[in-house]
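Asks: Handing you a structure now.
The values are calculated or read from the model by the stated rules, or taken from the named source; none is laboratory data. Please read all numbers here as calculations on a predicted model, not as lab measurements. Virtual Cβ from ideal backbone geometry, glycine too; neighbours counted across all protein chains shown.
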Amino acid sequence: MAGALPGLAPPRPIPIKDRSSIVFVERGQIDVLDGAFVVIDVRGVRTHIPVGGFACLMLEPGTRVSHAAVTLAARAGTLLVWVGEAGVRLYASGQPGGARADRLLWQARLALDETARLKVVRKMFELRFGEPAPERRSIDQLRGIEGVRVRKMYEHLARQHGVTWNRRAYDRQDWTASDVPNRCLSAATSCLYGITEAAVLAAGYAPAIGFLHSGKPQSFVYDIGDIFKFETVVPAAFKVAAHAAKGRLELPLESAVRRECRDLFRRTNLLERVIPTVEEVLLAGELPRPEAPADAQPVAFEDPEPSGDAGHRG
């Protein structure tokens with residue numbers, strides 16, 4: 001068949017909750033050989049990656065990707081994310097599945113209804129801080145309350161890990177200008193947002209339609225990822241920063257952060273929790289999912305029932 005991938009047909013997508021979280025690739029050619037997803041370095045050494053077993057691949061500078069590799073990643077439901085040095089800047093991403101029209105319309109309806117949007121933001125606040133949001137507060141007021149609490153949480157966790165902390169500050173244009181704790185936090189949050197975006201897309205929602213955050217391509221990713229931020233990547237970042245201050249790191253700073261995040265994601269079963277949390281947050285808006293219009297044109301042909309999470313094409 002013209003255009004078919006070489007080797008065996010790719011497997012059906014594995015549900016996000018059953019996958020490993022994330023892997024970073026730099027300075028290598030990504031291709032498909034004998035039906036397998038491989039990275040080839042400058043010496044010609046091949047490293048196989050079980051692409052269907054990861055939520056997303058973070059592609060750093062020096063990475064080249066073939067058309068066949070992108071196609072296989074899409075069929076396997078694995079998000080490809082092109083990032084800058086140490087994974088700090090996100091340049092582009094490739095959707096791992098296909099968004100569900102009914103879920104996109106529901107998400108958009110919730111975001112456009114001021115009452116429903118406030119209910120969703122209040123639920124996010126409750127999940128993040130473990131208590132109901134204060135009554136009779138607008139979204140802007142809740143955002144201000146959240147900012148104060150977040151600063152205090154940074155200070156508390158820094159003291160807990162013995163890290164010298166001033167404030168959250170970093171320069172996207174100059175990675176080395178930041179202090180070690182901020183560099184660790186930037187590397188850790190990039191891991192969290194990467195797998196969160198993969199889960200949001202796999203479930204059939206739009207990363208750009210946010211509720212607390214808005215105006216960014218990953219607004220909804222920030223909304224959901226921040227719910228888990230202080231129980232996962234912030235402690236992991238400060239732990240690595242504390243070891244670095246004592247000269248106990250055996251790996252480069254960013255590599256140590258990624259490994260710590262990977263292990264923490266596994267221990268906390270994060271990938272099993274992201275999509276149910278998305279559903280819980282949106283259900284708090286108390287608007288029904290939209291039904292298809294009565295005069296809607298039927299589909300031209302029937303797709304087979306997808307496996308994996310809702311939204312996957314394969």
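Asks: Only one residue in ALA198, ALA169 is surrounded by 13 or more Cβ atoms within 10 Å (Cβ to Cβ), of a type in the set (A, V, I, L, M) and in the same structural domain as VAL257 (by TED's automatic domain parsing). Which one?
Replies: After applying the criteria, what remains is ALA198.
Asks: Do we have GLN160 as at pLDDT below 90 and among the polar types (S, T, N, Q) here?
Replies: no
Asks: Let me ask you something else. List every residue pair whose Cβ atoms lie under 8 Å apart, where the two residues are 6 or more positions apart in sequence or sit on different chains, the first residue falls within the range 129-158 and is over 16 Å from PHE230 (Cα atoms) and in contact (Cβ under 8 Å) with a residue 24 or more places away in the chain, and the second residue, located anywhere, is of a type in the set (D, E, K, R) and exposed (fewer than 12 other Cβ atoms within 10 Å of the Cβ).
Replies: Once the first residue is over 16 Å from PHE230 (Cα atoms) and in contact (Cβ under 8 Å) with a residue 24 or more places away in the chain and sits in the range 129-158, no partner that is of a type in the set (D, E, K, R) and exposed (fewer than 12 other Cβ atoms within 10 Å of the Cβ) comes close enough.
Asks: When you check LEU110 against the structure, is it closer than 22 Å to GLY215 by Cβ, more than 16 Å from the chain's Cα centre (by Cα) and either surrounded by fewer than 17 Cβ atoms within 10 Å (Cβ to Cβ) or at pLDDT below 85 (or both), yes or no?
Replies: For LEU110, the condition - closer than 22 Å to GLY215 by Cβ, more than 16 Å from the chain's Cα centre (by Cα) and either surrounded by fewer than 17 Cβ atoms within 10 Å (Cβ to Cβ) or at pLDDT below 85 (or both) - is not met.
Asks: Would you mind telling me which numbered condition in (1) closer than 25 Å to ASP18 by Cα; (2) hydrophobic (A, V, I, L, M, F, W, C); (3) in a helix (DSSP H, G or I) LEU185 fails?
Replies: (1)
Asks: Return the residues of the range 189-217 that are out of contact with any Ser or Thr (no Cβ under 7 Å at 6 or more places or on another chain) and among the charged types (D, E, K, R); say none if nothing qualifies.
Replies: LYS216
Asks: So, one more: Do you know which of the residues in the range 44-76 that are at pLDDT below 85, in contact with a helix residue (DSSP H, G or I) (Cβ under 6 Å, 6 or more places away or on another chain) and not in a strand (DSSP E or B) is farthest from ARG19 (Cα to Cα)?
Replies: The selected residue is ALA76.
Asks: Can you find even one residue in the range 118-133 that is part of a loop (DSSP other than H, G, I, E, B), surrounded by 14 or more Cβ atoms within 10 Å (Cβ to Cβ) and among the aromatic types (Phe, Trp, Tyr)?
Replies: The answer is no, given that none of the residues of the range 118-133 is part of a loop (DSSP other than H, G, I, E, B), surrounded by 14 or more Cβ atoms within 10 Å (Cβ to Cβ) and among the aromatic types (Phe, Trp, Tyr).
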